[in-house]
1. Please specify each residue of region 192-237 satisfying the condition of being part of a loop (DSSP other than H, G, I, E, B) and modelled with pLDDT of 95 or more.
2. Pull up region 164-175, narrow it to residues that are hydrophobic (A, V, I, L, M, F, W, C) and out of contact with any helix residue (DSSP H, G or I) (no Cβ under 6 Å at 6 or more places or on another chain), then point me to the one that is farthest from the ligand (Cβ to nearest atom).
3. Taking Ser103 as the residue in question, decide whether it is farther than 18 Å from Arg203 by Cβ, surrounded by 16 or more Cβ atoms within 10 Å (Cβ to Cβ) and polar (S, T, N, Q).
4. Kindly indicate the residue of region 59-79 that is of a type in the set (S, T, N, Q) and within 21 Å of the chain's Cα centre (by Cα) and also most open to solvent (accessible area, probe 1.4 Å) among those meeting that condition.
5. For region 11-46, enumerate the residues that are closer than 18 Å to Pro130 by Cα and either exposed (fewer than 15 other Cβ atoms within 10 Å of the Cβ) or of a type in the set (A, V, I, L, M) (or both).
6. Is it the case that Ala8 is buried (at least 21 other Cβ atoms within 10 Å of the Cβ), over 23 Å from Ile263 (Cβ atoms) and of a type in the set (Gly, Ala, Ser)?
7. Tell me the residue from Val116, Val48, Val100 that is at pLDDT 95 or above and touching a Pro at 6+ places or on another chain (Cβ under 8 Å), please.
8. Return the residue satisfying two criteria in turn: it lies in region 158-184 and is among the β-branched types (Val, Ile, Thr) and outside any strand (DSSP E or B), and of such residues it is farthest from the chain's Cα centre (by Cα).
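The values are calculated or read from the model by the stated rules, or taken from the named source; none is laboratory data. All of these numbers come straight from a predicted model, not from anything done at the bench. Cβ placement follows ideal geometry from the backbone for every residue including glycine, while neighbour counts extend to all protein chains displayed. All accessible areas refer to the heavy atoms of the entire protein, side chains included, with ligands and DNA or RNA removed. Shrake-Rupley method; radii C 1.70, N 1.55, O 1.52, S 1.80 Å.
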Amino acid sequence: MEKKFIVANWKNHPDNLAEAEQILDFINEYLGQRNEKELSLVFCPPFVFLEEVGKILQISSLGNKAELGAQDISTDDFSAMTGEVSGLMLKKLGVKYVIVGHSERRWKLGESNETVNKKLKAVLRNDMMPVVCVGERTRDENYKEFLKEQVAATFAGLSADDIGKCFIAYEPVWAISTNPDARPDTPESAVESIKIIKEILIRNWKLEIACLPARQGNLPPFLYGGSVNSANVRSFLAENEIDGVLVGGASINKEEFLKILSIVQKLI
Ligand code: PGA
């Protein structure tokens, strides 16, 4: 089994730093002694905990296998932007990955493809790795067209090399656990969507598809996100096209997240 990536998107949780520390201590106790080179873990806490979480990762043995990620970035590095956090600031805190285009930002906060594209460029400009979320809002007869347009607009103006530096998370909006009636996608249909995304990248950017898994060509690694939990993580990661998972709700439930990690460890 190839290297697997787990990105924990804590969203606006937990409520306080003490709880964040508890989650990390709990995971550290389990993972700390293991030297699992094939497991790559990214914690994306809210901005207010980034610095502390970064310090904890550095001083605990989690630092060997976990990196720091942010959930958002300002489009701009220098100009005045009230309330925003720039790529320069994130980089100085030791952030290595930044989520852009998350569906909650696209659909609840009105972020356009154009804004996501600017944020994506801000991440790359500051030498961090973008975790770019794409996914249809509803699985209707137009979803493939929607996905193609969203991918083309999200990555517009990037070079093939830049795209190779990204992680792409396919997250169908209807599958995100906080949505009413959310249900996880099936691994088969997630793979179908990932293939559509790959096709457009290959066609528009002439990326190579050497062979599976994706990162053996110059295609980026692909993650699946949307109601991932300990009951379904194995089936998603059993697919060659899926290199990892983006976990939301289950990543702040420490027992559940530990179960996910232990299942993934048995797979690699
Ligand atoms: P979920 O969230 O795992 O709670 O569905 C995933 C995400 O929003 O990134």
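1. Gly226, Ser227, Val228, Asn229, Ser230, Ala231, Asn232
2. Cys166
3. yes
4. If we filter region 59-79 for residues that are of a type in the set (S, T, N, Q), which is where we start, we get 60-61, 64, 71, 74-75, 79.
When the remaining residues are screened for being within 21 Å of the chain's Cα centre (by Cα), the result is 64, 71, 74-75.
On the way: Asn64: 124, Gln71: 42, Ser74: 3, Thr75: 35 Å².
In this case the residue turns out to be Asn64.
5. Selection gives Leu41, Val42.
6. No; evaluated as a whole, the condition is false for this residue.
7. After applying the criteria, what remains is Val100.
8. Thr178
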